[in-house]
């Protein structure tokens, strides 16, 4: 069994890691740390794990050596301790934004301050298997993925990989997001009377996940606009772009089907009838799947590419476990077979 521990396990992504890894056939959870919940049973914070584990939250200062260490810390914390963490585990998966960007100058621009361990940026592989599967198989250090960047990158993946859009042309992506994106810590905007029944745009442009799309897709002009909707889980990315001249419907079908065939968690959703004719986050709750769809105007070449995910799964903990599987030489779907619920 592979020995794993989670630092910062009391948050939402930590809870999802615990849920997945607790039933993973090749993994044993050694420690789950939390300073604020120290000594409490995990199920007191993550009640869905009641009667599934008797593990208690431990002190991050008392970490044992393990095979894989997951970091569920807030942004800008892991970089201060990365040397110490590397002495505890030979493989690290960091779910924060600390090691997603390869260029220290780009990091400083989007995160507002210099990176304290810039020499480590090049050691981390960006943890989206659909983009870096082969690199992940030999990686020791993997960065997490931004949930909004994941939905955006996967929406664009069939178009970019098949050279169907001009990389210098403008791409605009509208993202509708659930409240769990804000994490466990509350703020006035996440207070239930203020958060319920809303459609509230909170970032018209300049969201830091934009940097991941620019880096991973190789595009020059990308705008992400973020809008809160009345969901707990879920991200729906609607990407607007212009196809190159001559691209036809058959070319798009080939690109999207190819992406789904090459990646076990990508599905094409483009139905002619029924309720769920386009990707919908609701039915992906708790799953690691990403549903892709598209439509386009053959006269103008304007394409709308859609991706739906569960932000806590494919946008965070699910992709992290998928990366771990690849790092360990396992089938990447191991422990991630849950298809989501319907109805919910």
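Taking the average, over residues, of other Cβ atoms within 10 Å as the packing measure, peptides 319-329, 175-185 rank 319-329, 175-185 from highest down. Its Cα gyration tensor gives region 1-64 an equivalent ellipsoid, and the semi-axes of that ellipsoid, as √(5λ) in whole Å with the largest first, are 16, 14, 10. Each of 333, 53, 33 has some number of other Cβ atoms within 10 Å of its Cβ, and from fewest to most they run 333, 53, 33. Seen against the Cα atoms of the chain and their longest principal axis, helix 147-161 is set at about 40 degrees. Residues of region 115-133 falling in the label zone of residue 76, defined by backbone nitrogen less than 15 Å from a point 7 Å along Cα to beta-carbon, are 115-117.
Each of 172, 306, 344, 42 was scored by other Cβ atoms within 10 Å of its Cβ. Arranged with the fewest first, they read 344, 172, 306, 42. Between residue 83 and residue 56, what's the calculated FRET efficiency when r is the beta-carbon distance and R0 is 41 Å? Round to 0.05. Step by step, r from the Cβ atoms, then E = 0.90. Diagonalising the gyration tensor over the Cα atoms of region 245-292 and scaling each eigenvalue by 5 before taking the square root yields semi-axes of 22, 15, 7 Å, largest first. Is region 120-230 best put as rounded, prolate or oblate by its Cα gyration tensor, with a ≥ b ≥ c the root eigenvalues, rounded for a/c under 1.5, and otherwise prolate when a/b is larger than b/c, oblate when not? Oblate shape, in that a/c is at least 1.5 and b/c is the bigger or equal ratio.
The tail of the calculated P(r) for region 2-123 beyond 26 Å holds 23 percent of all Cα-Cα pairs.
By the beta-carbon count within 10 Å of each Cβ, the least crowded to most crowded order of 205, 43, 289, fewest first, is 205, 43, 289.
By the Cα gyration tensor, region 148-311 has an equivalent ellipsoid whose semi-axes, rounded to whole angstrom, run 27, 18, 14 from largest to smallest.
Across region 62-104, the mean sequence separation of Cα contacts (distance under 8 Å, 6 or more residues apart), normalised by length, yields a relative contact order of 49 percent. Packing here is the average count of other Cβ atoms within 10 Å per residue, and on that basis the peptides 117-126, 309-318, 90-99, highest first, run 309-318, 90-99, 117-126.
Per-residue ellipticity at 222 nm computed for the chain from its helices equals -7500 deg cm²/dmol, with DSSP H segments shorter than 4 residues left out and the rest contributing -39,500 (n - 2.57). Measuring from centroid to centroid over Cα atoms, what is the spacing of region 68-98 and region 167-225 in Å? One Cα centre to the other: 24 Å. So, in Å, what gap is there between the alpha-carbon centers of region 236-256 and region 305-344? Cα centroid of region 236-256 versus Cα centroid of region 305-344: 25 Å apart.
Only one of (1) 27, 47, 23, 3; (2) 31, 59, 9, 0; (3) 29, 54, 14, 3, 0 was calculated from the structure for P(r) over Cα pairs in 20 Å bins from 0, in percent, and its label is (2). By how many degrees, 0 to 90 and rounded to 10, does the Cα axis of helix 78-88 deviate from the longest principal axis of the chain? Orientation of helix 78-88: about 60 degrees from the principal axis.
Here the relative contact order of the chain, from alpha carbon pairs under 8 Å that lie six or more residues apart, stands at 17 percent. Compared with the dominant Cα axis of the chain, that is its longest principal axis, helix 249-262 is turned about 20°.
Rule-based calculations on the coordinates, nothing more; no lab input. No experiment lies behind these values; they were computed from the predicted model shown. Cβ sites come from the backbone with ideal geometry, for glycine too, and all protein chains shown count toward neighbours.
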